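The structure under discussion appears below in the form of structure tokens.
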Amino acid sequence: GYGGDNCSIDYAMETWLDRPGLLRWDIRHRIRINVTNVPPVGSKTPLYIEPNRYPLYSMCCIPRGQILIGGSATPGVLTAGGQTCIKYAVENLSTVKVKAIEVLLGEHITFRARGHRASTYHTLYHRRLSPQEIGLDLSARSSEKLEYNDGFESLRVLSKMLESDTYKLDFTLPSSARSTYNGSIIQVTHKLEIKAITTFGSANPTVWRHMKIYSKENTAGTYTTSNNNNYQPTPSALPANWQPTVAETVRLPELGISSSPQEQDDSDDEKDDHKPISYTSAHASDRKYKSFDELLVVIKQTYDPCGELEKYIRDGNPVADMTPEQFYACFKAVNDVFDQQRFADILSDAMTEVSCVKVARAVAGSKDMCKREVAEKLLSAGLIVDKEENAHLIKSELSPFQFMTVEKYLK
């Protein structure tokens, strides 16, 4: 529009009555509906921001040591208006003083249409902490006391800090936070940042990772005894001669629209209106998955791969019968890191024992951002049958810090 930008995501239901005959307009009615992105039932596995090592230099060449910083968020499923816990871990191995730690959760909205691009940013949470507040010694080290080691001991220190409850922030996400959304025109992303503020100019080491936020369940407008004690429903009396007139009964398809060349045509003529739409996820009520290959084809196309995996298990296909290579193909077929984490949740709930070989192949098929979370979710499923023989396979797929956080399951 002129003088500003505006975008929205609207959902509506439309009915269409086709009236044949010349000069007889079709009857259409459209009503807007609210769609709530209900958070899935997930595990309490935290989402880690893997610690990183940031070297500092003077004059671009004089080493001043390094700063290690990391963090985590619990629970892994965030909801608007829900409780959140952010943990942070910092170790100063430099001659530069760290004067504060900043924790920031931001919401970035971007939309593109007809070559036009606009974006906006909202801060959902921001906190600045001094070393005195958090009880950490982040003062500058003398150059004689700097230790340059392989870093494993420092990573172990940060891992213990993130597992403790000492260095954390508990807060409530604003109820106005939007749901994370990744569309072709509109994107809503959420980013958690943990930053070490130093006295060394612009050298402020920062680690971050994308988070996923779900809508808070909306109970507004639902009259119950808890939110409206005075509400009394008033039934309406129907005329004695009233009879319902029922049109053809239809079953609404599931999401997963597969576009055809006719649908990509911008013309809105009547012939195109009558062309059927193909829904790749629309299964007949009596259809069941009979093989893993069928599932693999569908999850590559559908908007809801997690729902298809749950249906595959409900149809009587035991997860225990899946091979390690099927674990790999299952995770590799999903592009979204949050869906990969949900896959691990669904599979772990359906297993009573797990092998390191299957976990290693699942981690190999996962994206770098969620390898640790997938490994922990699967390892916590139950009895690990081959940890003495094949634990090294999991270790080979994870970074040293990632393996430190899950090795407790392999002891």
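Summary of computed values
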{"item": "Sole residue being surrounded by fewer than 20 Cβ atoms within 10 Å (Cβ to Cβ) and without any contact (Cβ under 8 Å) to a residue 24 or more places away in the chain, chosen from GLU310, GLU294", "result": "GLU294"}
{"item": "Of residues in region 88-105 being open to solvent by 10 Å² or more (accessible area, probe 1.4 Å) and over 23 Å from PRO63 (Cβ atoms), the one farthest from the chain's Cα centre (by Cα)", "result": "GLU102"}
{"item": "Boolean, ILE69 is touching a Leu at 6+ places or on another chain (Cβ under 7 Å) and modelled with pLDDT of 85 or more", "result": "no"}
{"item": "Set ALA350, ALA362, ALA344: member being touching an Asp or Glu at 6+ places or on another chain (Cβ under 8 Å) and outside the structural domain of LEU155 (by the TED database)", "result": "ALA344"}
{"item": "Condition met for ARG342 (in contact (Cβ under 8 Å) with a residue 60 or more places away in the chain, surrounded by 21 or more Cβ atoms within 10 Å (Cβ to Cβ) and touching a strand residue (DSSP E or B) at 6+ places or on another chain (Cβ under 6 Å))", "result": "no"}
{"item": "Matching residues, region 43-74, being open to solvent by 30 Å² or more (accessible area, probe 1.4 Å) and of a type outside the set (Ser, Thr, Tyr)", "result": "LYS44, GLU50, ASN52, ARG53, PRO55, MET59, CYS60, CYS61, ILE62, PRO63, ARG64"}
{"item": "Residues of region 123-134 that turn out to be open to solvent by 70 Å² or more (accessible area, probe 1.4 Å) and assigned to a strand (DSSP E or B), as a count", "result": "4"}
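This table checks each residue for (1) under 21 Å from SER215 (Cβ atoms); (2) assigned by the TED database to the domain that holds PHE200; (3) free of Cβ contacts under 8 Å to residues at least 40 places away in the same chain.
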position	(1), (2), (3)
VAL90	no, yes, no
ALA100	no, yes, no
GLY115	no, yes, yes
LEU124	yes, yes, no
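The values are calculated or read from the model by the stated rules, or taken from the named source; none is laboratory data. These numbers were taken from a predicted model, which means no experiment stands behind them. Please note: Cβ atoms are built from the backbone with ideal geometry, for glycine as well, and neighbour counts cover all protein chains shown. These area figures cover heavy atoms from the full protein model, side chains too; ligands, DNA and RNA do not enter into them. Shrake-Rupley method; radii C 1.70, N 1.55, O 1.52, S 1.80 Å.
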